[in-house]
1. Keeping to the stretch 136-160, report how many residues are in contact with a Ser or Thr (Cβ under 9 Å, 6 or more places away or on another chain), of a type outside the set (Val, Ile, Thr) and either in contact (Cβ under 8 Å) with a residue 60 or more places away in the chain or not in a helix (DSSP H, G or I) (or both).
2. Do you know which residues across the stretch 136-157 are out of contact with any strand residue (DSSP E or B) (no Cβ under 9 Å at 6 or more places or on another chain) and open to solvent by less than 80 Å² (accessible area, probe 1.4 Å)?
3. Could you grab me the full set of residues in the stretch 69-99 that are out of contact with any strand residue (DSSP E or B) (no Cβ under 9 Å at 6 or more places or on another chain) and either under 14 Å from Phe112 (Cα atoms) or of a type in the set (Ser, Thr, Tyr) (or both)?
4. Please enumerate the residues belonging to the stretch 100-121 that are over 19 Å from Pro150 (Cα atoms) and either charged (D, E, K, R) or in contact with a His (Cβ under 7 Å, 6 or more places away or on another chain) (or both).
5. Would it be correct to say that Arg122 is surrounded by 12 or more Cβ atoms within 10 Å (Cβ to Cβ) and farther than 17 Å from Gln85 by Cβ?
6. Just one of the numbered conditions (1) at pLDDT below 90; (2) small (Gly, Ala, Ser); (3) part of a helix (DSSP H, G or I) is not true of Gly130; which one?
7. For the stretch 100-117, what are the residues that are in a loop (DSSP other than H, G, I, E, B) and among the hydroxyl-bearing types (Ser, Thr, Tyr)?
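The values are calculated or read from the model by the stated rules, or taken from the named source; none is laboratory data. Everything quoted here is computed from the prediction, not taken from an experiment. Reconstructed Cβ throughout: ideal geometry from the backbone, glycine too, with neighbour counts over all protein chains shown. Please note that ligands, DNA and RNA were not included when accessible areas were found on the heavy atoms of the full protein model with its side chains. Shrake-Rupley method; radii C 1.70, N 1.55, O 1.52, S 1.80 Å.
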Amino acid sequence: PPAVASTPPPGARRNSSPPMDLPPPTGASAAAAPKAAASTSDTLAAAPIARTRSDTAAFAAPVAAKAAPQARLIHVFGSIRETKQEEVPLALSSLDENDAFILDAPDTIWVFQGSACSPGERAASARLAGELEAARPTAELVVTNSAEAPDAFWRWFGGKGPIRK
């Protein structure tokens, strides 16, 4: 039987653009594929954007972060009345037994509580780690200290070593 071409009902519009979730055609079929009309987002993407040197650095930072797993070390210190936190270099020399630290790694949030850290530092580090975990529910939360920290923790520092007291 011959193929019958279907015609849309009167007033119906025929969508000529490909579905959005399909990849663009490649190879020989790409040459035969009709070109879709430029969308508003295509027009905006082609417009030049003026960037300052600081804008460019901020723009490039997320791209660099995808190259390798990134982690940061947060130092939690102070007293029961007032605790502070600041990001410090991810180095073994940054750790000390008098304070608490949070190693915010891609898959695990490590809370390192030094043997001489104060109750306020312990509470503040646990609270901050809980906030980080709430923002990334797939991350595992592990509380540890220098005597019990597993090798996976020490690998971020290049291996286990002496910690300042």
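1. 9
2. If the condition is that a residue be out of contact with any strand residue (DSSP E or B) (no Cβ under 9 Å at 6 or more places or on another chain) and open to solvent by less than 80 Å² (accessible area, probe 1.4 Å), then Trp154 is the only one that fits.
3. Once the filter is applied, which keeps residues that are out of contact with any strand residue (DSSP E or B) (no Cβ under 9 Å at 6 or more places or on another chain) and either under 14 Å from Phe112 (Cα atoms) or of a type in the set (Ser, Thr, Tyr) (or both), the stretch 69-99 yields Ser79, Leu92.
4. Going residue by residue through the stretch 100-121, those that are over 19 Å from Pro150 (Cα atoms) are 116-121.
Hit for the stretch 100-121 is Glu121, nothing else.
5. Criteria not met by Arg122.
6. (1)
7. Correct list: Ser115 only.
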